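A short reminder: the numbers here are calculations on the coordinates, not readings from a lab. Please read all numbers here as calculations on a predicted model, not as lab measurements. Every residue, glycine as well, gets a Cβ built from its backbone with ideal geometry; the counts of neighbours run over all protein chains shown.
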């Protein structure tokens, strides 16, 4: 169990550093939602976006192709 100070530090770090994107699936997209969930959810969407970015040959802010 984390101490209160550690929990506060983690919460502050997440607020400052972690970015979030929300995707909503309406009832008509239930099948697509199920597919995304079965493939790993957020990790699948992250990997899909990364693969698309690489396929397009887009580079990162530092001029290098993204890794992993």
Discussion item. Could you tell me how many cubic angstrom of Cα convex hull volume the chain has per residue?
Written reply: 170 Å³
Discussion item. Under the 0.36 nm per residue contour assumption, what length would be gained going from the current alpha-carbon distance of residue 14 and residue 28 to full extension?
Written reply: 1.7 nm
Practice prompt. May I ask you to compute the full-extension gain from residue 39 to residue 51, defined as 0.36 nm times their residue separation minus their alpha-carbon distance, rounded to one decimal in nm?
Written response: 2.8 nm
Worksheet item: If packing is taken as the mean number of other Cβ atoms within 10 Å per residue, what is the order of 15-23, 27-35, highest first?
Response: 27-35, 15-23
